[in-house]
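Here's the structure, in structure tokens; my notes come after.
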Amino acid sequence: MAQQPPARSARASVEQTLRLEMVAAARKLVSLNLNRGTSGNIGVRHSSFFLVTPSGVATEDLSPAAMVAMDFSGATLAGARPSSEWRFHRDILLARAEIGAVVHTHSRYATALACMQREIPAFHYMIAVAGGDTLRCTPYALFGTQELSDLALRALQERKACLLGNHGLIALGRDLTEAVAMAVEVESLCEQYWSALQLGEPKLLSGSQMQAVLEKFKDYGQRGRD
């Protein structure tokens with residue numbers, strides 16, 4: 001039996017690792033109550049194509065083999081039917097070379113605010129974690145459409161997260177670990193903002209205050225260490 005060339009074997013190993021990570025991430029999102037049932041989806045860049053979770057499969061039934069490989073023209077390379085939201089996964093990965101993973105959730109607080117089509121303002125300095133002084137929200141568009149993808153791309157300009165009007169949340173990362181962490185952080189911020197609104201309109205940080213935070217975030221955490 002002929003052996004695979006080393007380069008092909010290495011690519012296959014990386015792809016299998018990504019597939020395993022996607023299953024683990026999907027289950028983590030459910031365990032954190034960021035998704036339920038078949039809601040939400042994940043996309044991950046791999047070489048000249050991307051992997052996306054399949055359509056209509058409950059998280060507990062996902063397997064590495066179920067992840068759908070697609071090229072950037074939108075053609076399915078391997079697998080069954082991809083998530084209906086494959087377009088915004090493709091378009092985000094095409095537009096943002098620094099992004100390796102896209103996570104979409106229907107988490108409780110982000111979705112509640114999205115249903116109000118409410119942009120999240122600078123009520124807390126951690127809004128800057130998503131890359132700006134607001135967390136934008138798109139107008140409503142039908143799920144799975146190019147219109148929704150186009151709206152998401154605009155809302156994500158210079159951002160790593162946005163709300164989809166009357167729908168849910170998109171979070172981005174250099175890899176899947178970072179994208180999941182962003183989804184968790186943004187859902188927490190949405191919960192905090194929702195809670196503050198119960199007391200009235202929160203006092204917002206100024207543009208200069210948020211700019212100082214954004215500057216400080218350039219070497220936030222481990223990035224500023226030697």
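Nothing in this text is a laboratory measurement; each read-out follows from the coordinates by a stated rule. As the structure is a computational prediction, the values presented were derived from the model and not from experiment. For neighbour counting, all protein chains shown are included, and Cβ atoms are generated from backbone atoms with ideal geometry for every residue, glycine included.
For this structure, a couple of remarks:
- Table column - 3J(HN,Hα) (Hz), the range 166-173, Karplus curve with 6.51, -1.76, 1.60, x for Gly and Pro: 6, 8, x, 10, 10, 10, 10, x
- Where both bridge residues fall in the range 13-224, DSSP classifies roughly 95% of the beta bridges as antiparallel.
- Think of each Lys and Arg Cβ as +1 and each Asp and Glu Cβ as -1; about the Cα centre, that makes the dipole of the chain roughly 220 debye.
- 5 angstrom amide H check on T138, placed H, neighbours 5+ away: L163, L164, G165
- Net length gained if the chain between C115 and T17 were fully extended (0.36 nm per residue, minus Cα distance): 31.7 nm
- Cα-based shape type of the range 102-154, given that a ≥ b ≥ c are square roots of the gyration tensor eigenvalues and the cut on a/c is 1.5: prolate
- Summed over qualifying helices (DSSP H, 4 residues or more, each -39500 (n - 2.57)) and divided by its residue number, the chain shows a 222 nm mean residue ellipticity of -12000 deg cm²/dmol.
- Projected area averaged over orientations for the chain, convex hull of C-alpha atoms, nm²: 14.3
- On the basis of the beta-carbon distance and an R0 of 35 Å, S84 and Q192 show a calculated FRET efficiency of 0.70.
- Taking the Cα centre of the range 97-179 as reference, the dipole from Cβ charges on Lys and Arg (+1) and Asp and Glu (-1) amounts to some 200 debye.
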